[in-house]
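The values are calculated or read from the model by the stated rules, or taken from the named source; none is laboratory data. This structure is a prediction, so every number in the text was calculated from the model and none was measured. Neighbour counts run over all protein chains shown; Cβ positions are idealised from the backbone, glycine included.
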Amino acid sequence: MLIAQHLRHDRIRLEMETQPFSAEELETLGPRATRVQKHAVLEEIAHFLETHARVGNAKRLFTDLDHRERKASTAVGSGLALPHVRTMNVKEPIVAFLRSTPGLLFDAPDGSLSHAFLVLVAPPWDDRLYLKLYKEAAEIFLREEALPYLLRAQSETEILHFFRDPTVATEEW
């Protein structure tokens, strides 16, 4: 599996730093809440990748991710999101996984909170590999057992194991 080849232990965050809004914050922000939360998530992703991968500049990566999100949300629904972008800010494909147990607003088409974020970042000149990674991610996320498994995984090793062999999600623990 291509994703497993590009995903490493240090590119997995079992609990994101970005926190969900309280009811009071949601009321204050109103319709802007999703945009503000999405901004925080993308910022966290950019800084995480700058620390754990070969990224030129976190601010530029954030801008590229944000521009991509403004075109169309990368939340796929059912608690899953697939933020992805092609950018000159990286020299090789990068795959990362971040999880928010309580879930975050990310403009999912079904209105659900996003809990699992599989991030794909690649240089613009490597279309074939980027598209193969994206296709594989979509196929994995179509599995109804993906989110329950990813939420109950207790280690980076379990997350990696899932992306190597998604059928482990159907086995009983």
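Based on what the data block shows, is A169 over 17 Å from the mean Cα position of the chain (by Cα), buried (at least 16 other Cβ atoms within 10 Å of the Cβ) and either among the charged types (D, E, K, R) or not in a loop (DSSP other than H, G, I, E, B) (or both)?
Values: over 17 Å from the mean Cα position of the chain (by Cα): yes; buried (at least 16 other Cβ atoms within 10 Å of the Cβ): yes; either among the charged types (D, E, K, R) or not in a loop (DSSP other than H, G, I, E, B) (or both): yes.
So A169 passes the test.
Anything in the range 71-92 that is buried (at least 19 other Cβ atoms within 10 Å of the Cβ) and in contact (Cβ under 8 Å) with a residue 60 or more places away in the chain? List them, or say none.
V76, G79, L80
Go through the range 6-15 and report how many residues are assigned to a loop (DSSP other than H, G, I, E, B) and in contact with a strand residue (DSSP E or B) (Cβ under 8 Å, 6 or more places away or on another chain). Let's see the steps before the verdict.
The first filter runs over the range 6-15 and keeps only residues assigned to a loop (DSSP other than H, G, I, E, B), leaving 7-8, 14-15.
Filter once more, keeping what is in contact with a strand residue (DSSP E or B) (Cβ under 8 Å, 6 or more places away or on another chain): 7, 14-15.
Number of matching residues: 3.
Residues of the range 84-122 being under 22 Å from F163 (Cα atoms) and of a type in the set (D, E), which ones?
Result: E92, single match.
Looking at the structure I just gave you, is V95 out of contact with any Phe, Trp or Tyr (no Cβ under 6 Å at 6 or more places or on another chain), at pLDDT 95 or above, β-branched (V, I, T) and surrounded by 21 or more Cβ atoms within 10 Å (Cβ to Cβ)? Full working, then the answer.
On the way: out of contact with any Phe, Trp or Tyr (no Cβ under 6 Å at 6 or more places or on another chain): yes; at pLDDT 95 or above: yes; β-branched (V, I, T): yes; surrounded by 21 or more Cβ atoms within 10 Å (Cβ to Cβ): yes.
Yes; evaluated as a whole, the condition is true for this residue.
Residue check: is P102 in contact with a Ser or Thr (Cβ under 9 Å, 6 or more places away or on another chain), surrounded by fewer than 15 Cβ atoms within 10 Å (Cβ to Cβ) and of a type outside the set (D, E, K, R)? Explain how you work it out, then say what you get.
Numbers: in contact with a Ser or Thr (Cβ under 9 Å, 6 or more places away or on another chain): no; surrounded by fewer than 15 Cβ atoms within 10 Å (Cβ to Cβ): yes; of a type outside the set (D, E, K, R): yes.
So P102 does not fit the description; no.
Working carefully through the options T18, T28, find the one that is of a type in the set (S, T, N, Q), farther than 11 Å from F97 by Cβ and in a helix (DSSP H, G or I).
Details: T18 fails: in a helix (DSSP H, G or I).
Just one listed residue meets the conditions, T28.
Can you tell me how many residues within the range 2-36 are under 30 Å from T167 (Cβ atoms) and surrounded by 13 or more Cβ atoms within 10 Å (Cβ to Cβ)?
Filtering the range 2-36 down to residues under 30 Å from T167 (Cβ atoms) leaves 2-16.
Next, only the ones that are surrounded by 13 or more Cβ atoms within 10 Å (Cβ to Cβ) stay: 2-4, 6-8, 11-14, 16.
The total comes to 11.
For E139, only one of the following conditions fails: (1) within 23 Å of E158 (Cβ to Cβ); (2) touching a Leu at 6+ places or on another chain (Cβ under 9 Å); (3) surrounded by fewer than 16 Cβ atoms within 10 Å (Cβ to Cβ). What is its number?
All conditions pass for E139, except number (2).
Restricting to the range 37-70, what's the tally of residues that are exposed (fewer than 14 other Cβ atoms within 10 Å of the Cβ) and either β-branched (V, I, T) or touching a Cys at 6+ places or on another chain (Cβ under 9 Å) (or both)? Can you show your working first?
At the first step, the residues of the range 37-70 found to be exposed (fewer than 14 other Cβ atoms within 10 Å of the Cβ) are 51, 54, 56-57, 59, 67, 70.
Right, trim to either β-branched (V, I, T) or touching a Cys at 6+ places or on another chain (Cβ under 9 Å) (or both) and you get 51.
The total comes to 1.
Do we have L118 as at pLDDT 95 or above, under 23 Å from G56 (Cα atoms), in contact with a Phe, Trp or Tyr (Cβ under 6 Å, 6 or more places away or on another chain) and surrounded by 14 or more Cβ atoms within 10 Å (Cβ to Cβ) here? Step through it out loud before you land on a result.
Values: at pLDDT 95 or above: yes; under 23 Å from G56 (Cα atoms): yes; in contact with a Phe, Trp or Tyr (Cβ under 6 Å, 6 or more places away or on another chain): yes; surrounded by 14 or more Cβ atoms within 10 Å (Cβ to Cβ): yes.
Criteria met by L118.
Looking at (1) aliphatic (A, V, I, L, M); (2) closer than 18 Å to T18 by Cβ; (3) touching a His at 6+ places or on another chain (Cβ under 7 Å), which is the only condition L98 fails?
If we test L98 against (1) aliphatic (A, V, I, L, M); (2) closer than 18 Å to T18 by Cβ; (3) touching a His at 6+ places or on another chain (Cβ under 7 Å), just (3) comes out false.
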